[in-house]
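Read the structure below first, then the notes.
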Amino acid sequence: QVQLVESGGGLVQPGGSLRLSCAASGFTFGIYAMSWYRQASGKERELVARISSTGDSTTYADSVKGRFTISRDNAKNTVSLQMNSLKFEDTAVYYCKATRLRNGVVVNAYWGQGTQVTVSS
């Protein structure tokens, strides 16, 4: 069955770094765009970063540009999010999402279960 399993979350001090990973299985990873979303307590889920199926295109939320980097390894069916210079406001549950597009329309999507990132001194 389809699985997206996130790992790498935890507690980190402001200014620190974390690397999130998402291991995918049960679907053709290489034809799906991959994204990281996050949801802070009491707030709506928001897009953090997205990477195209081939890895040649990335987009970032303004709030994380220059600090976060998304990458993928299609040979290992993994997508990662390197998070540097973490701030208090980065505290959230981070979710991995796989999206298949056809002619610009979402035809399928999968979500992971999420991993908690807490930035605290």
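Largest GNM mean-square fluctuation across Ala75, Ala23, Ala61, computed for the chain with C-alpha springs under 10 Å, falls on Ala75.
In plain terms, the bigger the Kirkwood radius, the slower the diffusion; for region 1-48, with that radius from Cα pairs, at 10 °C and 1.306 mPa s, Stokes-Einstein puts D at 122 µm²/s. Comparing Val48, Val79, Val64 in a Gaussian network model of the chain (Cα springs below 10 Å), the most mobile by mean-square fluctuation is Val64. Only Cα pairs under 8 Å and 6+ residues apart enter the sum, and on that basis the relative contact order of region 1-73 stands at 21 percent. Calculated on the Cα set of the chain, radius of gyration then Dmax: 13.8, 46 Å. Normalised per residue, the accessible area of region 8-121 is 52 Å², obtained with a 1.4 Å probe and no contribution from ligands, DNA or RNA. For region 18-121, the dipole from Cβ point charges (+1 on Lys and Arg, -1 on Asp and Glu) about the Cα centre works out to 120 debye, to the nearest 20. Bridgeable lysines around Lys43 (alpha carbons under 23 Å apart, same-chain partners fewer than 8 residues away excluded): Lys65, Lys87, Lys97. Write out the GluC sites (Glu not before Pro) in region 1-91 meeting two conditions: DSSP loop, and at most 16 other Cβ atoms within 10 Å of their Cβ. Counting only loop positions with at most 16 other Cβ atoms within 10 Å, the GluC sites (Glu not before Pro) in region 1-91 are Glu44. Of all the options Gly104, Gly16, Gly66, the one that moves most in a Gaussian network model of the chain with Cα springs shorter than 10 angstrom is Gly104.
The values are calculated or read from the model by the stated rules, or taken from the named source; none is laboratory data. What you see is a predicted model; the values in this text were computed from it and never measured. A quick note on method: Cβ atoms are made from the backbone with ideal geometry, for glycine too, and the neighbour counts reach across all protein chains shown. When the accessible area is computed, the model is the full protein with side chains, heavy atoms only, and any ligands, DNA or RNA have been set aside. Shrake-Rupley method; radii C 1.70, N 1.55, O 1.52, S 1.80 Å.
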